Every structure is written in structure tokens, then in C-alpha cells.
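Here's the structure, in C-alpha cells; my notes come after.
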Amino acid sequence: MNINQLGWNSFFEEAFKLHDNYSALIPGRIISEHKGMYRILCEEREVLASISGKLRYQAHNSAGLPATGDWVALKMRHGENKAIIHAVLPRKSKFSRKKAGLTTEEQIIACNIDTVFLVNAVNADFNIRRLERYLLLAWDSGANPVILLSKSDLCSNIDDYIHQVENIAAGVPVHGVSAEQRLGLEALTPYIQEGKTIAILGSSGAGKSTLANVLYGEDRQQVHTTRDDDKGRHTTTHRELILLKKGGMIIDTPGMRELQLWEGEEGIHTSFNDIEELALNCKFNDCRHETEPGCQIQAAIQDGTLDKKRFKSYQKLQRELAYLAKKQRKHQKRR
């Protein structure tokens, strides 16, 4: 296998050579992680690796440790098909969320991705507000978002769903697909290229694993049916990078019932550019967008060009980001 097929390029090559002992190390890409052990693809083979004590010590939190899609510098153990990871190379992109619970810590879902497939089923679980949240984090990841409306064969008004999504995702490609019936998948061909990585993200039951199997060409990932209420069942239990037979890679991820923001300042400006453009034209610079005269946002809501629910979603995400930033500052002071 040529290492370039795994996404290796000059960006990682230059970072790899910055290590003093790089001549004694080899690069590899994380396929998956299981209880502190990592499956890694190298140019010649797949190996099993653990983290060096120094790397574990230097990592301030789990975000400093290897994640699926990472490139790492590792040293083979003599006479074994095992290795020790000595460094995580800089990431060109990463999709993160805040870890569930009360802790203020980043959880990295996928690294070094070029495209994010945001999969949302067009059934009772369809949620435009949740999609806005995914989209915000996708923009902030550094990768390009693409929205896939899955299970389109079960929907008689897919064009209506596409129109709804296009209204909150200006400039983002939106495709109606059915992996089960092989419908609309030809539109995904331009994103699948040798050396490029796609992360497949969405809630449980959206059809991510079925899509992964179709893109791979055979049933590699286990698939479950959804419940009667269209809520998903967890199929994928861990994040895994899969090398496609026709070139390119995908990272299949477990369904996320909870998607708390971690970063999003850049993403919110991109995702809600329409609202922020309106705000710039308000009569008063300190307009609260409530009852002030000359408020362009309230005017847009009144004339129907801006959905009031979308504006409320924007305000909620702003508050969430402000609260998160405050907690992060407090957490940093304690360290």
C-alpha cells in the first residue's frame, strides 16, 4: 500500500521530520482505538500500538491523545507486529464535541477529514434544529460539510425536505439518498477520492452504517433496524477508519444522541451568516433584536423572510457558546 493512499502529504511529512529522532520512527494512521490500544495502518502493514509514557504524561487531557484518523509517529517493537506511539502529528482538521456530563473536556470524534457527511433520516426523527448544531460544528472542524437526507425511498416529499435544509445551509450541498435502495448515491462520487477522508456523522438510526457498507462494497458494519418511533438503535460502537476498495477513506462513527458544542465561534458566523448580515443593518448598534425600532431581524421575521425558530436557535447556540467559553476559562485557571 502506498502511504499517500492513506492521506499522507507534505503537511504531515514536514511535521514528521520535526522530530529529532524521526529517522528511527515510522508514520502511521489510526484506524481505531480499543481500551487504550490502537490499530494503525502503516505503508507496509497494520500494527497494534500503545502510547509511550512520555506522550501520556505530556497530554493534558484526552484531546492530546491519538484519535481515529490521526497520523502518529511510532517505533516498532523488535520482532513483533506491535509498536509504541511517540507523537501525534498536527491535525489539519478535527470534528469535536464537548464530552457528555458535567466535565469541561473535548471529545474528538474524527481527525484529518476532508469532508463531513451529515446524515439525517427523513422520518419522524428529522430535526432541523439538530442539523443546525451539526452544521455549526462541521464548519468549525475545518472540513467541508455535505448534508445527506437518508431513507429518501420512504419519503414522498423529499424535495420539501431538501428545501427546508437549503434554507438553513446556504451553499452546502444537500442530497437525498437511500443506501438501502441505492438511490442518489451517484451524487457522492465526487467526494470519494484517493487520499481523501470522509467522516460519516449523525444520530442513531440515520443509516450511517448502511451507507458505509454500500460505499465499501460489502456488509462490513453491522446494521440494525430503527424502533417503531423511528428513533435509532446504536449499530456502530466505536469510531473506525475504513479504506474503500475504490480509493478514499471513510470514518464511520457511533450515533450521537447528545451533541454539546465544544468550539463554534467560526462555525456560528458561517452557519448563521444570514442573521448576522441582518443585524449589521439594524438602526442601533446595540440592538437586542426584540422591540427596538429599526430592527432588521424582527422586520425579517414579520415579513416571513426569516424563520423565528431559526433566530431562536441562533440565540440559544450563542448563549451555549458563551457559557462554554466561561467554563473553559475557569478550567484553564485551575490547571
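Can you pull out every residue in segment 2-17 that is in contact with a strand residue (DSSP E or B) (Cβ under 6 Å, 6 or more places away or on another chain) and either hydrophobic (A, V, I, L, M, F, W, C) or farther than 23 Å from LEU244 by Cα (or both)?
Pass one, segment 2-17, residues in contact with a strand residue (DSSP E or B) (Cβ under 6 Å, 6 or more places away or on another chain): 6-7, 12, 16.
The answer is LEU6, PHE12, PHE16.
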Which pairs have Cβ atoms under 6 Å, sit 6 or more apart or on different chains, and link a residue in segment 48-61 that is outside any helix (DSSP H, G or I) to one that is at pLDDT 95 or above and of a type in the set (Val, Ile, Thr)?
ALA49/ILE40; ALA49/ILE85; ILE51/ILE85; SER52/ILE84
Would you confirm whether any residue within segment 133-142 is surrounded by 21 or more Cβ atoms within 10 Å (Cβ to Cβ), at pLDDT 90 or above, outside the structural domain of ASP307 (by TED's automatic domain parsing) and of a type in the set (Lys, Arg)?
yes
Could you tell me which of the residues LYS316, LYS283, LYS327, LYS309 is under 30 Å from THR103 (Cα atoms), without any contact (Cβ under 8 Å) to a residue 60 or more places away in the chain and surrounded by fewer than 17 Cβ atoms within 10 Å (Cβ to Cβ)?
LYS316
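Can you name every residue in segment 82-108 that is modelled with pLDDT of 85 or more, farther than 23 Å from PHE16 by Cα and out of contact with any Lys or Arg (no Cβ under 6 Å at 6 or more places or on another chain)? Write out each step before concluding.
Going through segment 82-108, the residues modelled with pLDDT of 85 or more turn out to be 82-97, 107-108.
Narrowing the set further to residues that are farther than 23 Å from PHE16 by Cα leaves 96-97, 107.
Listed by number, the residues that qualify are SER96, ARG97.
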Suppose we keep only residues that are touching a residue at least 40 places away in the same chain (Cβ under 8 Å) and of a type in the set (S, T, N, Q) within segment 80-123. Which one would you say is surrounded by the most Cβ atoms within 10 Å (Cβ to Cβ)?
ASN112
Residues in segment 309-318: is at least one over 18 Å from ILE168 (Cα atoms) and part of a helix (DSSP H, G or I)?
no
So which residues in segment 31-57 are under 22 Å from the mean Cα position of the chain (by Cα) and under 12 Å from ALA73 (Cβ atoms)?
ILE40
For segment 80-151, list the strands (runs of 3 or more DSSP E) that sit wholly inside it and hold at least 1 residues that are in contact with a Pro (Cβ under 7 Å, 6 or more places away or on another chain); which are they?
82-88, 115-121, 144-150
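The values are calculated or read from the model by the stated rules, or taken from the named source; none is laboratory data. Bear in mind that the values here come from a model prediction, so they are computed numbers and not experimental data. Using ideal geometry, Cβ is built from the backbone for each residue, glycine included, and neighbour counts are taken over all protein chains shown.
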